[in-house]
Amino acid sequence: EPEVTQTPSHQVTQMGQEVILRCVPISNHLYFYWYRQILGQKVEFLVSFYNNEISEKSEIFDDQFSVERPDGSNFTLKIRSTKLEDSAMYFCASSNENIQYFGAGTRLSVL
Amino acid sequence: RKEVEQDPGPFNVPEGATVAFNCTYSNSASQSFFWYRQDCRKEPKLLMSVYSSGNEDGRFTAQLNRASQYISLLIRDSKLSDSATYLCVVRYSSASKIIFGSGTRLSIRP
């Protein structure tokens with residue numbers, strides 16, 4: 001069964017450092033998303049991406065965040081200068097308009 | 001008012017019991033509705049979509065009441081493996097972001 005894959009599974013970084021979280025969406029999907037979940041809280045939308053551009057973003061997705069689809073398979077989330085409050089589980093999802101399928105997530109720990 | 005509201009639980013029920021969860025949503029323009037389940041420290045996984053006429057998938061039954069902006073999930077003959085957090089999810093239009101409730105924790109005891 002096709003699945004969304006994310007790497008790394010766990011990323012530890014120092015405050016102020018840049019991180020890149022990577023995702024390989026399901027191959028025939030056209031819509032890509034990033035969500036995050038702070039420990040003990042609900043899953044929150046960050047950004048959606050379609051046709052090589054951002055289609056929607058939340059208030060959380062400020063100038064420190066960016067997304068890119070550098071080739072035909074990868075979809076990345078970059079955080080330029082990490083803050084302590086960026087510590088969370090980051091989930092990538094993909095869809096073909098209907099059901100969104102989620103990757104296993106990257107746990108980001110900012111020290 | 002929260003966009004999607006759920007009773008956080010936890011619900012602690014014996015194996016074999018029937019349990020029901022409810023969810024309300026605030027935006028009457030919402031078009032699509034889902035139940036996802038999330039195991040501890042794992043990703044959300046689709047349990048079932050929710051249709052206006054109500055739908056059933058094995059032991060799981062979902063209902064939607066658009067007039068009351070209310071969604072429900074019924075689990076019959078609960079199994080130990082049903083222990084998880086159940087997430088009520090709403091979407092405003094196809095391919096748009098999905099909005100999660102905070103989840104209802106269910107624990108099935110032997």
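The values are calculated or read from the model by the stated rules, or taken from the named source; none is laboratory data. Quick caveat, the model's predicted, so the values are computed rather than measured. For neighbour counting, all protein chains shown are included, and Cβ atoms are generated from backbone atoms with ideal geometry for every residue, glycine included. Keep in mind that these areas ignore ligands, DNA and RNA; they rest on the heavy atoms of the full protein, side chains included. Shrake-Rupley method; radii C 1.70, N 1.55, O 1.52, S 1.80 Å.
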- Message: Can you say whether B:ALA62 is free of Cβ contacts under 8 Å to residues at least 60 places away in the same chain, open to solvent by less than 30 Å² (accessible area, probe 1.4 Å) and either more than 30 Å from A:SER55 (Cβ to Cβ) or touching a helix residue (DSSP H, G or I) at 6+ places or on another chain (Cβ under 9 Å) (or both), as far as the supplied structure shows?
- Response: no
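Determine if region A:48-55 includes at least one residue that is among the aliphatic types (A, V, I, L, M) and open to solvent by 50 Å² or more (accessible area, probe 1.4 Å).
First, the residues of region A:48-55 that are among the aliphatic types (A, V, I, L, M): A:54.
Subset that is open to solvent by 50 Å² or more (accessible area, probe 1.4 Å): A:54.
Looking through region A:48-55, at least one residue is among the aliphatic types (A, V, I, L, M) and open to solvent by 50 Å² or more (accessible area, probe 1.4 Å).
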- In region B:85-110, which residues are in contact with a Phe, Trp or Tyr (Cβ under 6 Å, 6 or more places away or on another chain), closer than 20 Å to A:VAL47 by Cβ and crowded, with 21+ Cβ neighbours inside 10 Å? B:LEU87, B:VAL89, B:VAL90, B:LYS97
- Query: A:SER73 fails exactly one of the following numbered conditions: (1) farther than 16 Å from A:ILE20 by Cα; (2) at pLDDT below 95. What is the number of that condition?
  - Reply: (1)
- Query: Restricting the search to region A:96-111, which residues are within 11 Å of another protein chain (Cβ to nearest Cβ) and outside any strand (DSSP E or B)?
  - Reply: A:ASN96, A:GLU97, A:ASN98, A:ILE99, A:GLN100, A:GLY103, A:ALA104, A:GLY105
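Being open to solvent by 60 Å² or more (accessible area, probe 1.4 Å), more than 24 Å from A:GLU56 (Cα to Cα) and more than 14 Å from chain A (Cβ to nearest Cβ) is the requirement here; does B:SER72 meet it? Walk me through how you get there before you give the answer.
Details: open to solvent by 60 Å² or more (accessible area, probe 1.4 Å): no; more than 24 Å from A:GLU56 (Cα to Cα): yes; more than 14 Å from chain A (Cβ to nearest Cβ): yes.
In short, no.
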- Query: In region A:63-79, is there at least one residue being part of a strand (DSSP E or B), within 14 Å of chain B (Cβ to nearest Cβ), within 22 Å of B:ALA95 (Cα to Cα) and free of Cβ contacts under 8 Å to residues at least 60 places away in the same chain?
  - Reply: yes
- Which one is most open to solvent (accessible area, probe 1.4 Å), of the residues in region B:6-59 that are among the aromatic types (Phe, Trp, Tyr) and under 22 Å from B:ALA95 (Cα atoms)? B:TYR51
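Given the criterion open to solvent by less than 80 Å² (accessible area, probe 1.4 Å), under 11 Å from the mean Cα position of the chain (by Cα) and charged (D, E, K, R), identify the matching residue among A:LYS78, A:LYS42, A:LYS83. Lay out the reasoning, then the answer.
Working: A:LYS42 fails: under 11 Å from the mean Cα position of the chain (by Cα); A:LYS83 fails: under 11 Å from the mean Cα position of the chain (by Cα).
When all the criteria are applied, what remains is A:LYS78.
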